[in-house]
Amino acid sequence: MPGKRRRALHLCEMGSFPCARPPPAGDGGGGAGYSRVVYCNDPGCPEATQLDYPGNAISTTRYTVANFIPKSLFEQFRRVANVFFLIVGIVSFSPLAPYRAVSVLLPLIVVVGATMIKEAFEDWRRKKQDIEVNNRKVQVYDGTRAFYQTEWKKLRVGDIVKVEKDEFFPADLLFLSSSFDDGICYVETMNLDGETNLKRKQCLEVTTTLHNECSFHKFKALIRCEDPNEKLYSFIGTMQYQGAQYPLAPQQILLRDSKLRNTQHIYGVVIFTGHDTKVMQNAMDPPSKRSNIERRMDKIVYVLFSGLVLIASTGSIFFGIKTKGEISDRNYRWYIRPDKSSIYFDPSRVALAAFFHFLTSLMLYGCLIPISLYISIEIVKVLQSTFINQDREMYCEETDKPACARTSNLNEELGQVNTILSDKTGTLTCNSMEFVKCSIGGVGYGSGLSEAEEAVRRGSQYESSELKDPPISSEGYNCAAVTRKSVKGFNFKDDRLMNRQWIKEPQSDVIQKFFRILAICHTAIPLVNNSSGDISYEAESPDEAAFVTAARELGFQFYERTQTSISLHEFDPNIGRKVDRTYKLLNILEFSSTRKRMSVIVKTEEDQLLLFCKGADSVIFERLAKNGQEFEAKTKCHINYYSEAGLRTLAIAYRKLSVEEYKKWHEEFLLAKSSVNADRDAIVDETAEKIERDLILVGATAVEDRLQKGVPECINKLAQAGIKIWILTGDKLETAINIGYACQVLRKCMKQIVITLDTPDIDALKKGENNAIEKALHESVAKQIRDAHSQVSVLKGSSGLFALIIDGNSLAFALSRSLENLFLDLAVDCAFVICCRTSPKQKALVTRLVKRSTRKTTLAIGDGANDVGMLQEADIGVGISGVEGMQAVMSSDFAIAQFRFLERLLLVHGHWCYRRIAAMICYFFYKNITFGFILFWFEAHAFFSGQPAYNDWYISFYNVAFTSLPVIALGVFDKDVPSRICLKFPSLHQDGVHNIFFSWPRILGWMLNGVCSSVIIYYFTTSAILQQPFNKDGHGAGTDILGAAMYTCVVWTVNCQLALCLGYFTWIHHVFIWGSIFFWYIFLIIYGSFPPTISTTAYRVFLEACAPSPLYWLSTLFVVISALLPYFLYSTFQRTFFPKYYNIIQSVRLENH
Amino acid sequence: MEMEGGSSSGSAGGTQTHHRFSPMRSRAFYRFTQQNLPACKPVLTPGWVIMTFLIMGIVFVPVGLVCLHASESVVEIVDRYDVECIPEAYRSNKVAYIKDSSISKNCNRTIKVQKHMKAPIYIYYELDNYYQNHRRFVKSRNDKQLLYGLKYKDTSSCKPEESSNGLPIVPCGLIAWSLFNDSYAFVRDRGEMNVNRKNIAWKSDREHKFGKHVYPFNFQNGTLIGGGKLDPSIPLSDQEDLIVWMRTAALPTFRKLYGIIEEDIDADEIITVHLVNNYNTYSFGGKKKIVLTTSNWLGGKNGFLGMAYIAIGTSFVLISVLFALIHVKYPRPRGDPTYLSWNRKSNAS
């Protein structure tokens, strides 16, 4: 079963203000971006129709029936190679063409047609889905007294709809009322953000009474709200109803594509339809990425274009010279009638003739441009992706998730990764939190060691061991199935607190308060298992679930949440048994990454007003009251200790409120909430700030995020492969360092360079003026970087490894324009870099900096919404489809279930794909150059008149029939070494980093090889079979026989060449390679048996002339062997005497067998 | 140094688990998706390389010898006559001579046969610097007209020889128009030898490319006469010299079959060739030769293939020896991955 996916960020707002009174009117909306007006229950009124909002039908297709042909053709002909062939095809209808137009157009039609069919098929699937969605049924109020069924596509803005349980919402709705009296409903937003947990929505109190058909009869309201936008988690608007104005919040908005759960039915007003809905606004194509190889391939195509122009113009110049000579006395070629010449051969207008000849040559040598290269690569990459998706060893059984290549463009880029930028939480760790320690009233509780502590303790063991020798480690736990504990998310052991022993502690009242806060201050939903009575919790973040679980385990069982209350089974030490207590929930001040805290305000049964707050230690300590600092020093000490142990900490505090103070604040707060403008959030935060002060510290919690299985080993392997690893995390410096140790990024033998602004003298600086502080901080960072840099450069090469640790504040300065190069130099010299306390934006910035400055391939890996920027910025984004939501996966290029699969993805699939694509492209150019240059040599002997050596159809079938499949087999199946060896010798990865398979020398070498082959094939074939009688019957060999013989040699040579550079022969390769050669003969027989008016020079050429002639067969054998000889000699000498790393590995493998 | 075990992900083999994942799929398909198909993985070890070269050499040299022998056993006589057949007086202006139809073009050549020539003896004419592969030339024909005659009207591809005096030409086009028209007759002591001019074209050409009921029409009637004329009473399919001529040559130097002598010629016999030197190669300086040759299973005389086989075969043997020597002298310890680490390796670009 799929694991539960949640997100840590984007905590959704829940039950934010359960007030009954209508709030004071806000500023009423309007203005730019807030102009939408919805006439509820009156979509037909003139004002509404005037607004002309789009219907609810959606179309996600790229094409329509009408525009498919022009639009997809346009897409196709944006490729320069296709345009070239189109022009060639058009010109080939003129007498300029060296061969028949149809044989030029056929390959183009095949290639473009295949791509278009693929497009059409994909679009058809989208269309079918659209039709299904548009025709779903929904119940709409008819304006009189009944609901009737209609299709989704017929919905209009302002309609009132009724949505039943487990149905999808047809559009973005304003939630009016539900089958529950208190006007709540639960929705599942899996399609929006991948979260499977239920979210609670709450309608306005004034509309909860609209329960039945009759009540809608008189319902009329006017909604003013924001214009359609893509923000899923915000909504700003007001509703004018019964003369009063009510503010609207995301709480009241039900988004299209989410699902109604645990609620019988709801009524809602359609606000946004069709493409205006938030989910549709969100649907955007991710930025398209192209791989290095593909970019270089474009360059090569340009090189080939210039080669084409070059040889065409060479030919034209010679043609011009020769043609001019035609009319001279000694050289009068009467048999071509220069006196009656057409414009194309006119000796008196040589310049024009040469120009036309140039066009002819462009067509003739068009086969130098590999027309089928793009589609072949596309096919190959799709198949490679299928292999990645199918790989059993990247399949996570616990979560039932295979690896997923979401784009197929970047397969080969995987083999070239130089730097990995990794998120920590959820990526290296499981992101399933376990409550392990706490500090209450200055006393630390919880025994047991965290992983980081264990790793540090074992540190000496790693230090002595070799870099290449991964320790046999039993640590690392399955992320989803934590079976060793009876309670998930709870790993707390302390006899002083367990089993109600806490009442015997001296500060039992503080302990009670502590756990009560944990049980109340959250946004989790209890799920009661009816049969067993067990309660589990659906929480926004795993931390929160761990807290609520911990509270439950220690006797504060949260069992019910309503709109206005939270109920606990609580152990009362005074009575000595469990009692049920209900807390009236007044406000929730939500968590956000800027606030770094959340609070709830409750009223106890004793009518006491309390504010409970939990948050980051720094935030909480700033807001402590004078009398609330009793435990501050000790708690701080504990928090430091916990974070050193790699644990995540939160401080817990509370505050008593007086009724007057609360009332005053509450009004202010409501006002802020109901304002309708862009900075409402800021105003709300500011207001919340006013009550979250003078807190009394109770204690701190520490939860542990376990490392994922296999992470240290994987990192070790990646390091051996020479990949630089950066960890970008939001954690504290100490936590980050400890996690570094735990996953063996850091070792004791490494020299750590720490750049931070958290030093006492910096703190002292902070008292000054703003500008001065900035400057001073900048200076300080610059100085630290410079010092470190000199330190590194002194020791570079001698003692080796450095690790750079930098915190977010410093990073902000280090990334400034003046320092970024210096910083990067330093970072590049260090084996590992840890950036802690980084914001999502900084992550993306760091990624961009690394990518831009090193010019090497970067890979970012992350799992949360906060990593999205980083994933999109990097050359390759890898999303972990793990515990957090789907947002990272949605914006990634590859998705894997666990970090450890990265090893296989990069070292095995990356290596293979890189090698395959590189070899395939090189080979493609080789085969086309071989083919094209033969034409040139022939033309040089045919008066440069543009006469092709082969029959028309041989030429057009070359790329699509006789050489296409083997090259695909090379691109899909070839491997130099098996996966086992790839993993055993990670240094093989460096082949890709240094790009040795696709370096310019190699590419040019292949091209040279092509030229060599063409020379050998042309001259040897002509020398062997021309002039003398071709067979026993004395017939001579003409153009037809020479063409067929040479073509045979070409087909054999290029296919055998492919076989020579393959490292891996399966039956598929055999079928494709030998099949292609065999097919050439078949083709020749079939084509040769067409009437001579169609087959022209190929008529019976094989059966009658070639096949019975020993000369033909003997010369084929000889020419093919000698054409292959240069490459074979080169590669054997190179392998034997100057072996490359992979050559050595290959022979190792051979000997080990 | 050996590293053991790979990583956790590497060693968790798929074989134990696959049946759970896809019970319906066959093992072969599973191996396919896991890229684990049975395969042979050729690695070019020095031993292999040496053996390959040696074996190829051993195969190639005998093949070459056989080819060379076959080529050598063919008797071939080549006689260039384009200059000799012009009277001394016209040597300075050959073009004028050849164009002047009033002068007799008869010419006699004597050929001494060195070796016994066994029938059939093939007669070729060889032209040089003659671009039958010029695109303008090659395209100037009409296959449909050749097959269907006057019934087929669209002869635009034959330009500039598609019609004359307002009437279509059959066969049209430059190729037919420039038909080679020197003629040879061979006389030996015993008398004139019989030259068979049938069966000199490919059978498929005779039967399928040239119509049996298509007769030459309006041919060589224009102001400018190109090459030979055709007998309008003989269908195209029987005009074998035309058929041979129209199967265009690949290179500017080419031989075309003229006829077959179906009697043996003994060694040291002297043959007189009565030839009519009609064809104009003088305006562009092309040579004309007459070739008499026998043939065998490998065709005619061409030492290239045999020599090439022998040369390549010998070099294979040499390479393998060289390889072996280098390998013995500088044995490279292979199989040791620590021998070269990436860092120590000379950095590839």
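The values are calculated or read from the model by the stated rules, or taken from the named source; none is laboratory data. Here the structure is a predicted model, which means the values were calculated and not measured. Heads up, the Cβs are rebuilt from the backbone with ideal geometry, glycines too, and the neighbour counts pull from every protein chain shown. Side chains included, ligands, DNA and RNA excluded: accessible areas come from the protein's heavy atoms. Shrake-Rupley method; radii C 1.70, N 1.55, O 1.52, S 1.80 Å.
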**Message:** Criterion first (outside the structural domain of residue A:402 (by the TED database), open to solvent by less than 10 Å² (accessible area, probe 1.4 Å) and over 30 Å from the mean Cα position of the chain (by Cα)) does residue A:936 satisfy it?
**Reply:** no
**Item:** Only one of A:1047, A:1087 that is surrounded by fewer than 21 Cβ atoms within 10 Å (Cβ to Cβ) and among the aromatic types (Phe, Trp, Tyr)
**Value:** A:1087
**Message:** Please determine whether any residue of the stretch A:536-559 is part of a strand (DSSP E or B), buried (at least 22 other Cβ atoms within 10 Å of the Cβ) and of a type in the set (Gly, Ala, Ser).
**Reply:** no
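Of these, A:26, A:15, which one is of a type outside the set (Phe, Trp, Tyr), at positive phi, at pLDDT below 80 and not assigned by the TED database to the domain that holds residue A:302? Break it down into steps so the answer makes sense when it comes.
Working: A:26 fails: at positive phi.
A:15 is the lone residue from the list that is of a type outside the set (Phe, Trp, Tyr), at positive phi, at pLDDT below 80 and not assigned by the TED database to the domain that holds residue A:302.
Within the stretch A:657-720, considering only helices (runs of 4 or more DSSP H) that don't extend past its boundaries, which have at least 3 residues that are touching a residue at least 60 places away in the same chain (Cβ under 8 Å) and over 37 Å from the mean Cα position of the chain (by Cα)? Can you show your working first?
Values: elements: A:659-674, A:680-691, A:711-720.
By residue number, A:659-674.
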**Message:** The conditions are (1) within 14 Å of another protein chain (Cβ to nearest Cβ); (2) under 54 Å from the mean Cα position of the chain (by Cα), and residue A:342 fails exactly one of them. Which is it?
**Reply:** (2)
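For residue B:98, state whether it is under 23 Å from residue B:227 (Cα atoms), in contact with a Lys or Arg (Cβ under 8 Å, 6 or more places away or on another chain) and in contact (Cβ under 8 Å) with a residue 60 or more places away in the chain. Quick ask: steps written out before the conclusion?
Details: under 23 Å from residue B:227 (Cα atoms): yes; in contact with a Lys or Arg (Cβ under 8 Å, 6 or more places away or on another chain): yes; in contact (Cβ under 8 Å) with a residue 60 or more places away in the chain: yes.
So residue B:98 passes the test.
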**Message:** For residue A:1081, only one of the following conditions fails: (1) more than 8 Å from chain B (Cβ to nearest Cβ); (2) open to solvent by less than 10 Å² (accessible area, probe 1.4 Å); (3) of a type in the set (Ser, Thr, Tyr). What is its number?
**Reply:** (2)
**Tally of residues being open to solvent by 30 Å² or more (accessible area, probe 1.4 Å) and over 15 Å from residue A:880 (Cα atoms) across the stretch A:390-406** = 2
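Rundown of residues vs (1) within 14 Å of chain B (Cβ to nearest Cβ); (2) within 30 Å of residue B:31 (Cα to Cα); (3) open to solvent by 30 Å² or more (accessible area, probe 1.4 Å); (4) aliphatic (A, V, I, L, M), yes/no style:
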residue: A:346; (1), (2), (3), (4): yes, no, no, no
residue: A:357; (1), (2), (3), (4): yes, no, no, no
residue: A:364; (1), (2), (3), (4): yes, no, no, yes
residue: A:376; (1), (2), (3), (4): no, yes, no, no
residue: A:381; (1), (2), (3), (4): no, yes, no, no
residue: A:385; (1), (2), (3), (4): yes, yes, no, no
residue: A:388; (1), (2), (3), (4): yes, yes, no, yes
**Message:** I'd like to verify a number: residues in the stretch A:119-136 that are within 17 Å of residue A:71 (Cα to Cα) and under 23 Å from the mean Cα position of the chain (by Cα), how many?
**Reply:** 4
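From the list B:55, B:50, B:103, B:86, which one is at pLDDT 80 or above, over 27 Å from residue A:1068 (Cβ atoms) and within 31 Å of the chain's Cα centre (by Cα)?
Numbers: B:50 fails: within 31 Å of the chain's Cα centre (by Cα); B:103 fails: within 31 Å of the chain's Cα centre (by Cα); B:86 fails: within 31 Å of the chain's Cα centre (by Cα).
From the options B:55, B:50, B:103, B:86, the qualifying one is B:55.
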**Request:** Starting from residues that are assigned to a helix (DSSP H, G or I) and touching a residue at least 60 places away in the same chain (Cβ under 8 Å), keep the ones in the stretch A:199-219 and report whichever is farthest from residue A:538 (Cα to Cα).
**Result:** A:214
**Prompt:** Which one of A:888, A:949, A:895 is part of a loop (DSSP other than H, G, I, E, B) and either within 20 Å of residue A:1069 (Cα to Cα) or hydrophobic (A, V, I, L, M, F, W, C) (or both)?
**Reply:** A:949
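Just for helices (runs of 4 or more DSSP H) wholly inside the stretch A:1091-1153: which have at least 2 residues that are touching a residue at least 24 places away in the same chain (Cβ under 8 Å) and facing another protein chain (nearest Cβ under 7 Å)? Walk me through it before giving the result.
On the way: elements: A:1092-1095, A:1110-1137, A:1141-1152.
Where helices (runs of 4 or more DSSP H) fall fully within the stretch A:1091-1153 and carry at least 2 residues being touching a residue at least 24 places away in the same chain (Cβ under 8 Å) and facing another protein chain (nearest Cβ under 7 Å), they are A:1110-1137, A:1141-1152.
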**Message:** Which numbered condition in (1) within 7 Å of chain A (Cβ to nearest Cβ); (2) more than 25 Å from residue A:1020 (Cα to Cα) is the only one that residue B:321 fails?
**Reply:** (1)
**Item:** Residue check for residue B:251: without any contact (Cβ under 8 Å) to a residue 12 or more places away in the chain and within 13 Å of chain A (Cβ to nearest Cβ)
**Value:** no
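A quick yes/no check of all residues on (1) touching a Phe, Trp or Tyr at 6+ places or on another chain (Cβ under 9 Å); (2) touching a residue at least 40 places away in the same chain (Cβ under 8 Å); (3) farther than 20 Å from residue A:69 by Cβ; (4) crowded, with 18+ Cβ neighbours inside 10 Å:
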residue: A:82; (1), (2), (3), (4): yes, yes, no, yes
residue: A:86; (1), (2), (3), (4): yes, no, no, no
residue: A:117; (1), (2), (3), (4): no, no, no, no
residue: A:144; (1), (2), (3), (4): no, yes, yes, no
residue: A:163; (1), (2), (3), (4): yes, yes, yes, yes
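For the stretch A:1017-1039, does any single residue satisfy the condition of being more than 30 Å from residue B:126 (Cβ to Cβ), at pLDDT 90 or above and either more than 7 Å from chain B (Cβ to nearest Cβ) or crowded, with 24+ Cβ neighbours inside 10 Å (or both)? Outline the logic, then answer.
Within the stretch A:1017-1039, the first condition is being more than 30 Å from residue B:126 (Cβ to Cβ), and the residues that meet it are none.
Within the stretch A:1017-1039, not a single residue is more than 30 Å from residue B:126 (Cβ to Cβ), at pLDDT 90 or above and either more than 7 Å from chain B (Cβ to nearest Cβ) or crowded, with 24+ Cβ neighbours inside 10 Å (or both).
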**Request:** Any residue in the stretch A:728-753 that's over 11 Å from residue A:646 (Cα atoms): show its pairings with residues that are of a type in the set (Gly, Ala, Ser) at Cβ separation under 6 Å, as long as the two are six or more apart or on different chains.
**Result:** A:729/A:736; A:746/A:740; A:746/A:803; A:748/A:459; A:750/A:803; A:752/A:803; A:753/A:788
**the stretch A:774-812: number of residues that are open to solvent by less than 70 Å² (accessible area, probe 1.4 Å), in a helix (DSSP H, G or I) and at pLDDT 75 or above** = 18
**Complete:** Apart from one, (1) open to solvent by less than 30 Å² (accessible area, probe 1.4 Å); (2) within 22 Å of residue A:301 (Cβ to Cβ); (3) within 35 Å of the chain's Cα centre (by Cα) all hold for residue A:977; the odd one out is (2)
**Message:** It is to be established whether one or more residues within the stretch B:139-155 are part of a loop (DSSP other than H, G, I, E, B), under 27 Å from the mean Cα position of the chain (by Cα), crowded, with 16+ Cβ neighbours inside 10 Å and among the acidic types (Asp, Glu).
**Reply:** no
**Asked** So, in the stretch B:95-136, of the ones that are farther than 26 Å from residue B:83 by Cα and within 11 Å of another protein chain (Cβ to nearest Cβ), which residue ends up surrounded by the fewest Cβ atoms within 10 Å (Cβ to Cβ)?
**Response** B:120
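With the condition kept exactly as written, say whether any residue in the stretch A:608-622 is more than 15 Å from residue A:513 (Cα to Cα), of a type outside the set (A, V, I, L, M) and in a loop (DSSP other than H, G, I, E, B).
Let us first name the residues in the stretch A:608-622 that are more than 15 Å from residue A:513 (Cα to Cα), namely A:615-622.
Filter once more, keeping what is of a type outside the set (A, V, I, L, M): A:615, A:617-618, A:621-622.
Then drop every residue that is not in a loop (DSSP other than H, G, I, E, B), which leaves none.
No, the stretch A:608-622 contains no residue that is more than 15 Å from residue A:513 (Cα to Cα), of a type outside the set (A, V, I, L, M) and in a loop (DSSP other than H, G, I, E, B).
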**Fill in**
For the stretch A:90-102, pairs from a residue that is assigned by the TED database to the domain that holds residue A:312 to a residue that is open to solvent by 80 Å² or more (accessible area, probe 1.4 Å), with Cβ under 7 Å and 6 or more apart or across chains, are A:101/A:93
**Complete:** Only one of (1) aromatic (Phe, Trp, Tyr); (2) farther than 30 Å from residue A:135 by Cα; (3) outside any helix (DSSP H, G or I) does not apply to residue A:344, and that is (3)
